[in-house]
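Here is the structure we will look at.
The values are calculated or read from the model by the stated rules, or taken from the named source; none is laboratory data. The shown structure was predicted, so the numbers you read here are calculated from the model rather than taken from an experiment. Cβ sites come from the backbone with ideal geometry, for glycine too, and all protein chains shown count toward neighbours.
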Amino acid sequence: MPARAGATVLALPPSVIADRPVATLEDLDRTLEPDAVWVLGPEREPQAFARARSTFAAPAFHPPLETAGNGPLSRQVIDGGVGGETASLEVAVTPGLQSLQAAPESVSRTLAVDTDLAALVCDDVTTTTRPTALETDLEGTATVADAFPTGEVTTLLTGSQPAGYDALWHLEPDTGAVRDVDHETIGGVGPLAADCVSVRVRGAGPAEGYGNGRSIASLQVTPGGVTSVDTHDVTDYGLEAVTGIGPKTADRLADRGVTTRAELLETPVETLADLPNVSRERARRMRQHATVLEVGEPRRLTDESLPGADWHEPPLCLDIETDGLSPTIIWQIGVYDPASDSYQTFVERGDPSDPGPVLEAFCDWLLGMHPNRALLTWNGWRFDYRHLGAFIAKHVPYYTEEWESIPKFDLYLWAVTEEHALLPGRTNELEVVADALGYEGAGTGLDGARTAAAYQRFMRTGAELEWERHEAYCEDDCRALWHVYERLRDAPRADDVSPANGAPADDDTEQTGLGDF
Amino acid sequence: MSDHRPNAQDVPITGDELVETYPGLPDDVTVLERPGRPAETVPSEDVLRADLAKPLEHDLYTHQADALEALADGENVCVATSTSSGKTRIYALQIARNYLEARARGIESTAYLLYPTKALSRDQERSLNDLFDELGLEITVRVYDGDTERGRNRKRIREEADVVITNFAGVNTYLHDHDRWARFLSACDLVVIDESHTYTGVHGMHVAWIVRRLKRVLDYYDASPQYVLTSATVGNPGEHSSALIDESVTVVDEDGSPTGPRDLVLWNPPPRDRDGSHDGRDEWTEADHDEDTDGDDALERVPATVEAPRVLSHLTYHDAQTLLFTPSRKLAELSIKRASEHRHDNRRYYTHPDRGSALEPYHAGHSRAKRHGTEHRLKTGILDGVASTNALELGIDVGEMDATVQLGYPGQRQSFWQQIGRAGRGTKRALSVLVADHRTLDQYVVSNPDYLLENDVEDAVVDVDNDAVFAKHLRCAADELAVDESDVGTVAERERLERAVEMWRRAGQLQGALETGVSYTGPPRPQQSISLYATTGEEYDVRLADDVEDEYDPEMEPLAKERVLRDFHEGAVRLHQGQQYEVTSVDHGGPRPTVTLRPTDVDYYTRTRTDVTVLDAVSEQSREIGEFTLHFGRGQVLVYHGTYDKVAVHGGTKREQGIPTDNPPLSMETQLCWLEVPQRVERALIEKYRDVSIPGLEDEFADTAHLGYAGGLHAAEHATIGVAPLELMVDKRDLGGLATLSIDSHLEQPAHSESAAGPDVSAGDDAPKNIAAAEATIREIASGLERDPTSGWFIYDGIDGGLGFARAIYENFETVAERARELIADCDCGNTGGCPACVMDEQCGNDNQPLHRGAAVDVLDHVLENEDESALAAHLPDEDHGGDRRPPLFYA
């Protein structure tokens, strides 16, 4: 795990807990090492809570279940590692808005006295959109305004908003009427006015649109508040992390006593292939991937050489940064050249309203200095190549033809989509894969969304970015890409792997036989 | 078929001859002769470059020439001319022109063609390719839609085709990946919206937004294409086209194509007992019941479903190649069978029963190959007749017929003319027969033939004021390209755009500011959440129960939630395309809610009872009509389809009443139009009808002096909604109404909203959630009013956010009122309380009580200023005694 900024709180929807084998939860526990587990409300789900309590090492809490007393607020102490030292911090937990409403004075007293509370958890605070009125309301603003202090920012965590939701609502203390909402939280937040209740609402619930009952969140909490919220897919843990194992197959395996990847590796291919809808080929693939995940080494599935491997010079590793998912500018283009171990960057630090100069400088350099090189990206056909192509056509149209004729490779496409390799790492994000392959990152603490948000702020307010940090982030991605490339290039074929714990010999023979055709 | 026509001249049988020779007489028949019109042409060389003009066999019709010249001047064009007037040729020639000019400059020119149906797309792909071959041009025309094979094939079309044909559901989806279309979009010089009149109501609203999104993306690729819209004749082609594409449009509607004279026969079938030629066989009558039929009161005529196939059979016997239009697939099939039975049952008359008997059905349920076969046999004259759904109404090329027969009035003049336009070979005489059904509109049309012949047709209504729909498309727009300052004034005015962006930002779905660009950050592919047939996205798929064979699949468009709650509750029995279906389950949850049906065969149908209340209406516009005041505005409508009745198909008696639907009430923020009756008119009419009592009315207000007048308002409200489809392209089921003695109680009460709304609830939440509470609120407000409230009625759009229909009625109120008055006054039902053909409405929440035709006609006469002062004075009480306390009555 990367260095921690505070304590880790794992936010789990009750359905995720109820629907997964204990072994998956244990895998979550081992991997994410939470310091506390928050079983999301607002629905009362005592069974899911009990299951979490009996599985996770860290303390668990479930707001609707008033385990810590009957008051409107209870405290949850979290012991977490902060900067290498063990420290403890506290969050306040309320069963719901009704409890707050019942005793607003006592709540405000508590919040006023305990200034070191990191956040308040209230699971039924949610936004409601009314499209015919073009308005979005926040549920319970009057109650919140009544109970929360004025002139400062209180962080409110809710499982009813998706993880990633982060907005600062400024409310009239008397009525709860919304005065304003800040959406820009990068670079710190502050209260709107001394006579205003400012609530920073952060979501920890399932992210929409990524399948039902799969999305979970982990929060980094410090005494000052919540520093980050990350989402994970629960099917990246336990047996379901293995390619070819979905919830149904996982259930059937559990019926046969197989609940971990280690146990899977001890199960003969024949047994796996007896499961409904599992072919021999799929059974073999399951075991191969489980091996990769357990051992932490990549394996190639075919004899297909890596993209650009037969070129006399290696491809240039490319990464771009934009100002959002529908970009108006590509403001940073980074290129790492493995041949000379050098890095080149093109950044627009001056006039963000003109996307032309960065593109022009990049094209000048690429076409002028490296006319015969290919490019390499991670998932570039969905992002980097796609946007570069569109922007070059629009802003430096005279280079369009040359740009289109440059050979472009995508390592993600080759490894994942075309299934030429199996990767360790629970997700196929570049950072995760590189980390699993032992890449030592620069630890900038940034990701694509953060760096985009920072640039957006620069565009609007002129507030300078920490340029070196943001450039280091881009460079890191380019170098990580080459690291993954080299490791994949050197990886053996999956067929040659001896499964851990000694698989039956006939199985090995079988694999070799199939691989040799 | 052997061609018996002596010179392939005029239609072999005229309207008068049809009436004379037909075995058995229609009850009521009107033969109208419509004059023909010679072709007006312009030499092609006058308009087109020589290399295009030369290969063309014929000169251009004047409208084609006008349109091509307007296009040459850089204008957008809407061509609204008759069926088969060569509209396709206009844009095909423009494509060819653009192509040749671009080729000369060494660049590309592409065109995007948008058709309403996939079948039409493929038909047009063929004819365009043929035309370009004929012109010797290598222009590649390809269809790209849901049926296009995926993978390389699609990539090749995107990267190579000059002309891409698709539909709006496709455009909505493909905009997400516009960068893949960069070549095509950058070179786009022409966008064609074919059959543009079909885009009205909810569907039209979505299309208007998809066009706006497409225009943003085209603009991004520096393309600014011209637009060609082709439309059937509608009342407002220019206004409608401009609303769709948000640009000015030149209308070309002076039709230069030739038409022959036409005999137009309006045929009202005889009463059953006078139907001498046949006994009413059971197998015929069985499937013929229609929900609009009321067996007891109305004169029971032979249904059009029986009579029209007989007319078809008769015409083909007399060598007229005939197209019969039926309202459903099942009736298309059944009509062929009936036509043949008619022949054999009347052997004495039809001595050569096999003459002209090559008949086939045609509808979208048939395979593409089968349909093409039928089209071909029709075109080449092998077939004598076809019974078709409106699948043959839109542009598919089947050549020209001698005659058309319509099984029932198709509901709209626009559609009526489009269908009969299928008959007529050049300038030869043609014959068109409309066989009327029992329904209100059919009977109106046959007894008011002038209505059909008036020059105007219905207005097509498209509206972009619905904020819910706007907001959904805004998310898509931000996903496609960042929304920024350049969208102010084009996508929406600043205030509306900022409010919508802020709404989504607060909801966590958009990010960024207009100054620097707003991106979409919600769940992937917001385009998928666009339902082209619903406003709030809650659209229900209609499915067949698992164990039922596919042949029964009703193939219905998805239903908006509003419709599901009203007509598709569990246990509902619906007639669709001649087949009865029972709703077995409704799944409101899940990502895709569904309604499950199974075919059934029962002797009842179901009808929900609907309670309606209007709350917090706010007037945005108003105007005076004489002493009346008409308003347009917004408000909340609470609709509750709480119970339903089972009604016998024959006789209309209720088998079972008040069965709960288990549905929740529906609350809509929507657009309304309302009429306020002046006090003087009200007082006089209350007096005139103060002795009216309604026997059996179970109502606490049954004895009030206001009942007769209230019945008049109620009847006038039903009638204005009933006739709205005569003026607007509207489905009457998308409209609702409420007649009330106290309009004021339904308006927003400034004092009320301040005190009642708690600090913790938003404006939308403080409204009562059930009808009883809402009605209590209305009565409470009524009792607290300081001045005497005015009476009148509301008409609202029955879809959340509104559709623009209430606004259109506001703008055309006098015409609608005039039609409503005619409908009520001319109905020969003879009942004070009216009949289903005039003021009764099957959806009425008050069981069609009280209704008073006389009072309704009086109210409408005063609106239309048909009545002078003396008519009022006769009934006005001598002094303002103010004796009768006004009860808070309101009727949906």
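Scan the stretch A:170-189 for residues that are assigned to a loop (DSSP other than H, G, I, E, B) and in contact with a strand residue (DSSP E or B) (Cβ under 9 Å, 6 or more places away or on another chain) and report the count.
Count: 8.
Across the stretch B:580-620, what is the total count of residues that are under 20 Å from B:PHE805 (Cα atoms) and either out of contact with any His (no Cβ under 7 Å at 6 or more places or on another chain) or buried (at least 19 other Cβ atoms within 10 Å of the Cβ) (or both)?
8
Does A:GLU348 fit the bill of being over 25 Å from A:GLU313 (Cβ atoms) and either touching a helix residue (DSSP H, G or I) at 6+ places or on another chain (Cβ under 8 Å) or surrounded by 14 or more Cβ atoms within 10 Å (Cβ to Cβ) (or both)?
yes
Note down all Cβ pairs under 7 Å where the first residue falls in the stretch B:92-112 and is under 14 Å from B:LEU131 (Cβ atoms), the second is surrounded by 22 or more Cβ atoms within 10 Å (Cβ to Cβ) and among the polar types (S, T, N, Q), and they're at least six residues apart or on different chains.
Once the first residue is under 14 Å from B:LEU131 (Cβ atoms) and sits in the stretch B:92-112, its partners that are surrounded by 22 or more Cβ atoms within 10 Å (Cβ to Cβ) and among the polar types (S, T, N, Q) give B:TYR99/B:SER109.
Test B:SER340 against the criterion of being among the hydroxyl-bearing types (Ser, Thr, Tyr) and either assigned to a helix (DSSP H, G or I) or in contact with a His (Cβ under 8 Å, 6 or more places away or on another chain) (or both), and give yes or no.
Against the criterion (among the hydroxyl-bearing types (Ser, Thr, Tyr) and either assigned to a helix (DSSP H, G or I) or in contact with a His (Cβ under 8 Å, 6 or more places away or on another chain) (or both)), B:SER340 qualifies.
List, please: which pairs have Cβ atoms under 7 Å, are six or more places apart or on different chains, and start with a residue in the stretch A:461-480 that is more than 17 Å from A:GLU440 (Cβ to Cβ) and end with one that is assigned to a helix (DSSP H, G or I)?
A:ALA463/A:ARG457; A:GLU464/A:PHE458; A:LEU465/A:ALA454; A:LEU465/A:TYR455; A:LEU465/A:PHE458; A:HIS470/A:THR451; A:HIS470/A:ALA454
Taking the options A:GLU240, A:GLU263, name whichever one is of a type outside the set (Lys, Arg) and without any contact (Cβ under 8 Å) to a residue 24 or more places away in the chain.
On inspection, the qualifying residue turns out to be A:GLU263.
Could you list all residues from the stretch B:477-494 that are part of a loop (DSSP other than H, G, I, E, B) and touching a Lys or Arg at 6+ places or on another chain (Cβ under 9 Å)?
Answer for the stretch B:477-494, where residues must be part of a loop (DSSP other than H, G, I, E, B) and touching a Lys or Arg at 6+ places or on another chain (Cβ under 9 Å): B:LEU481, B:THR490, B:VAL491.
For the stretch B:222-240, does any single residue satisfy the condition of being in contact with a helix residue (DSSP H, G or I) (Cβ under 8 Å, 6 or more places away or on another chain) and within 14 Å of chain A (Cβ to nearest Cβ)?
yes
Among A:SER340, A:SER305, A:SER353, which is surrounded by fewer than 14 Cβ atoms within 10 Å (Cβ to Cβ), within 14 Å of another protein chain (Cβ to nearest Cβ) and at negative phi?
None of the others qualify; the one that does is A:SER353.
If you check B:ALA482 against the conditions, is it at negative phi, at the interface with chain A (Cβ under 7 Å from one of its Cβ atoms) and at pLDDT 95 or above?
Against the criterion (at negative phi, at the interface with chain A (Cβ under 7 Å from one of its Cβ atoms) and at pLDDT 95 or above), B:ALA482 qualifies.
Being outside any helix (DSSP H, G or I), under 13 Å from the mean Cα position of the chain (by Cα) and within 26 Å of A:LEU264 (Cα to Cα) is the filter here, so list the residues in the stretch A:215-242 that pass it.
The answer is A:SER215, A:ILE216, A:HIS232, A:ASP233.
For the stretch B:15-73, enumerate the residues that are closer than 30 Å to B:PHE132 by Cα, assigned to a helix (DSSP H, G or I) and without any contact (Cβ under 8 Å) to a residue 60 or more places away in the chain.
Hits for the stretch B:15-73 are B:SER44, B:GLU45, B:ASP46, B:VAL47, B:ALA50, B:ASP51, B:ALA53, B:LEU68, B:GLU69, B:ALA72.
Return the only residue of B:ARG598, B:ARG525 being assigned by TED's automatic domain parsing to the domain that holds B:THR490, charged (D, E, K, R) and farther than 24 Å from B:GLU669 by Cβ.
Among B:ARG598, B:ARG525, only B:ARG525 is assigned by TED's automatic domain parsing to the domain that holds B:THR490, charged (D, E, K, R) and farther than 24 Å from B:GLU669 by Cβ.
Kindly indicate which of B:GLU748, B:GLU818, B:GLU754 is over 26 Å from B:VAL202 (Cα atoms), at pLDDT 80 or above and within 14 Å of another protein chain (Cβ to nearest Cβ).
Selected residue: B:GLU748, the only one of B:GLU748, B:GLU818, B:GLU754 that is over 26 Å from B:VAL202 (Cα atoms), at pLDDT 80 or above and within 14 Å of another protein chain (Cβ to nearest Cβ).
Is it the case that some residue within the stretch B:216-232 is among the hydroxyl-bearing types (Ser, Thr, Tyr) and more than 30 Å from B:TYR61 (Cβ to Cβ)?
Taking every residue of the stretch B:216-232 in turn, at least one turns out to be among the hydroxyl-bearing types (Ser, Thr, Tyr) and more than 30 Å from B:TYR61 (Cβ to Cβ).
Of the residues B:VAL191, B:VAL164, which is within 24 Å of A:ALA393 (Cβ to Cβ) and in contact with a Pro (Cβ under 7 Å, 6 or more places away or on another chain)?
B:VAL191
For the stretch B:374-394, which positions are in a helix (DSSP H, G or I), crowded, with 16+ Cβ neighbours inside 10 Å and more than 26 Å from the chain's Cα centre (by Cα)?
Selection gives B:THR374, B:GLU375, B:ARG377, B:LEU378.
Within the stretch B:138-147, how many residues are part of a loop (DSSP other than H, G, I, E, B) and crowded, with 18+ Cβ neighbours inside 10 Å?
Qualifying residue count for the region: 3.
I want to confirm something. Restricting to the stretch B:495-526 and keeping residues that are in contact with a helix residue (DSSP H, G or I) (Cβ under 6 Å, 6 or more places away or on another chain) and part of a helix (DSSP H, G or I), which single residue is farthest from the other protein chains (Cβ to nearest Cβ)?
Among those that are in contact with a helix residue (DSSP H, G or I) (Cβ under 6 Å, 6 or more places away or on another chain) and part of a helix (DSSP H, G or I), it is B:PRO526.
Tell me yes or no: at least one residue of the stretch A:173-185 is among the polar types (S, T, N, Q), in contact with a helix residue (DSSP H, G or I) (Cβ under 7 Å, 6 or more places away or on another chain), free of Cβ contacts under 8 Å to residues at least 40 places away in the same chain and facing chain B (nearest Cβ under 8 Å).
The answer is yes; a qualifying residue exists.
Only residues that are within 12 Å of another protein chain (Cβ to nearest Cβ) and either exposed (fewer than 15 other Cβ atoms within 10 Å of the Cβ) or part of a loop (DSSP other than H, G, I, E, B) (or both): list them for the stretch A:356-385, please.
Residues satisfying the conditions are A:TRP381, A:ARG382, A:PHE383.
Going through the stretch B:430-440 one residue at a time, which ones are out of contact with any helix residue (DSSP H, G or I) (no Cβ under 7 Å at 6 or more places or on another chain) and either modelled with pLDDT under 80 or in the same structural domain as B:ALA560 (by TED's automatic domain parsing) (or both)?
Answer for the stretch B:430-440, where residues must be out of contact with any helix residue (DSSP H, G or I) (no Cβ under 7 Å at 6 or more places or on another chain) and either modelled with pLDDT under 80 or in the same structural domain as B:ALA560 (by TED's automatic domain parsing) (or both): B:HIS438, B:ARG439.
Filter the stretch A:119-159 down to the residues that are touching a Cys at 6+ places or on another chain (Cβ under 9 Å) and part of a strand (DSSP E or B), then identify the one that is surrounded by the fewest Cβ atoms within 10 Å (Cβ to Cβ).
For the stretch A:119-159, the residue satisfying everything is A:LEU156.
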